[in-house]
Amino acid sequence: MNVIPSTVIRPALNVAGSLRLPGDKSVSHRYAMLAAIAEGETRLENFSTGADCASTLGCVRALGVDVDRSENNVLIHGRGPKLRPPTSPLNCGNSGSTMRMLSGILAGQDFSSELTGDESLSRRPMARVIAPLEMMGATITAQSGGRPPLQLTGGKLKAIRYHMPVPSAQVKSCLLFAGLFATGETAVVEPIRTRDHSELALRAFGAELNHEGNEVRIAGGQRLRAIQAVIPGDISSAAFFMCAAGLFPGSQLAIADLLMNPTRARLLDILILMGVGISVTQLEEQHGELRGTVKVEGRALKGITIAGADSAALIDEIPVLAAIAPYTEGGIEIRDARELRVKESDRIAAIAANLRVMGAQVEERDDGLKIAGGQKLRGGEIDSLGDHRIAMAFAVAALRAEGETRIRGADAAVISYPGFFDALETVVQR
Ligand code: S3P
């Protein structure tokens, strides 16, 4: 992200109202990729409005798939398993999900392609997908340290049984997608269970998977068939609003039709443990994905420690939890979250630096942060570092600060939620 228009956030008194959010980013990526290699027309409503999912659509178009988009509705004319060789590099923009998951599908194609990304994506580690895809038979060259751009030559793949060294749903998804093209049964063993959207999506598109404990297996050669789906609201985007409501005792916020997949909804438990009132109604399921209406009631905020499996489950929500930590009674300690250092920015450093700009005391650690509670923050000049979740997290922290906060690079929010700042204004009261 190069352009950096800033946004000013003024303190608020309360959060109230109701919202419906654009479709979940993780689900949108997966449905778009699987629709591309399925047979038939996949119709997706409430597709993510984020630039990341637009990058995925751009890549699948470049691979010969017809995509019609009208606002949040997307129609994908699946080509079946054989894609068309691209005539130029596949631009994944800022999206690690696009690059890692699409690599799995490209590994099964009998042509070469190049995957590129923006400055942030060009710094992110890809060795985690390169190593297992090469074991399956793909040839991939990267820049030093396993960084993009990637030159990927696919072909005949053979199944492997792979123990993932880091918990990563993107790596798991990449290998399950590659497994569709492999001879034999591909098995992925996770150290900690990560989000299971790919498993659910593959089943929705007609594939069979076996799941036992932390191991998931997929047999190669399965054909996919198109689906119709309404994508539930993005729970990682909702996290910003839920935390904003949590900041002000007496706040009442409802978010309808929100993704409630248990592998993504750990934030609800954490907010309950922190004292926030949470209720979920109108639970429904489509294609294995749960959705529901979440009501949030602000109360005095307690502190918490996030560690172990929770850190993996909350990896995208930690920035906003950390940003509100100074306002809690007991503070927040985050451990086992080293992965945050290799996201769109080094999020541990970005959180620490920006909290300090607002006057907070913060202890930065290699794998996390310790932020004392009971601190008063003052408005300041935040730098998003071009990272969408940092921009949005500090917009939330700014709501309870003294004075105005300027967020430089606020437009990074377009990566996952272009309408974020407008939606925030509709629910804050001053
Ligand atoms: C995602 C998995 C997580 C997450 C990212 C989306 C996914 O990344 O941080 O925003 O959709 O699978 P990792 O797989 O690197 O943990």
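Descriptive notes on the structure:
- Within the range 2-30, considering residues that are within 16 Å of the ligand (Cβ to nearest atom) and open to solvent by 10 Å² or more (accessible area, probe 1.4 Å), the one farthest from the chain's Cα centre (by Cα): P22
- Checked against (1) touching a strand residue (DSSP E or B) at 6+ places or on another chain (Cβ under 7 Å); (2) more than 21 Å from A169 (Cβ to Cβ); (3) surrounded by fewer than 17 Cβ atoms within 10 Å (Cβ to Cβ), Q286 passes all but condition (2).
- Checking the range 270-281 against the condition returns no match, with no residue being free of Cβ contacts under 8 Å to residues at least 24 places away in the same chain, within 16 Å of the ligand (Cβ to nearest atom) and at negative phi.
- Any hit, the range 132-140, residues being within 14 Å of the ligand (Cβ to nearest atom) and either surrounded by 23 or more Cβ atoms within 10 Å (Cβ to Cβ) or touching a residue at least 40 places away in the same chain (Cβ under 8 Å) (or both): yes
- Residue check, D257 more than 26 Å from A412 (Cα to Cα), in the same structural domain as T328 (by TED's automatic domain parsing) and of a type in the set (D, E): no
- Test result for F205, open to solvent by less than 20 Å² (accessible area, probe 1.4 Å), touching a residue at least 60 places away in the same chain (Cβ under 8 Å) and outside the structural domain of A178 (by TED's automatic domain parsing): no
- Unique residue being within 21 Å of the chain's Cα centre (by Cα), in contact (Cβ under 8 Å) with a residue 40 or more places away in the chain and closer than 24 Å to P85 by Cβ when the list is S198, S173: S173
- Residues of the range 282-292 that turn out to be touching a residue at least 12 places away in the same chain (Cβ under 8 Å) and within 21 Å of F205 (Cα to Cα), as a count: 6
- Subset tally (residues that are of a type outside the set (K, R) and open to solvent by 10 Å² or more (accessible area, probe 1.4 Å)) for the range 243-273: 15
- Qualifying residue in the range 290-298 (condition: under 30 Å from E363 (Cα atoms), open to solvent by less than 20 Å² (accessible area, probe 1.4 Å) and within 20 Å of the chain's Cα centre (by Cα)): no
- Qualifying residue in the range 31-53 (condition: within 16 Å of the ligand (Cβ to nearest atom), closer than 30 Å to G403 by Cβ, of a type in the set (A, V, I, L, M, F, W, C) and surrounded by 24 or more Cβ atoms within 10 Å (Cβ to Cβ)): no
- Taking the range 84-100 as the range and being within 16 Å of the ligand (Cβ to nearest atom) and under 16 Å from E119 (Cβ atoms) as the test, the residues that pass are C92, G93, N94, S95, G96, T98, M99.
- Every condition in (1) in contact with a strand residue (DSSP E or B) (Cβ under 9 Å, 6 or more places away or on another chain); (2) open to solvent by 10 Å² or more (accessible area, probe 1.4 Å); (3) of a type outside the set (K, R); (4) away from the ligand (no atom under 16 Å from the Cβ) is met by S144 except one, and the failing one is (1).
- Test: A307 is within 12 Å of the ligand (Cβ to nearest atom), assigned by TED's automatic domain parsing to the domain that holds A413 and either more than 17 Å from A391 (Cα to Cα) or in contact with a Ser or Thr (Cβ under 9 Å, 6 or more places away or on another chain) (or both): no
- Listed conditions (1) open to solvent by less than 20 Å² (accessible area, probe 1.4 Å); (2) free of Cβ contacts under 8 Å to residues at least 24 places away in the same chain are all met by E364, apart from (1).
The values are calculated or read from the model by the stated rules, or taken from the named source; none is laboratory data. Since the model is a prediction, treat every value here as computed from it, not as a measurement. Positions of Cβ are generated from backbone atoms using ideal geometry, with glycine treated the same way; all protein chains shown enter the neighbour counts. Heads up: the accessible areas ignore ligands, DNA and RNA and are worked out on the full protein's heavy atoms, side chains in. Shrake-Rupley method; radii C 1.70, N 1.55, O 1.52, S 1.80 Å.
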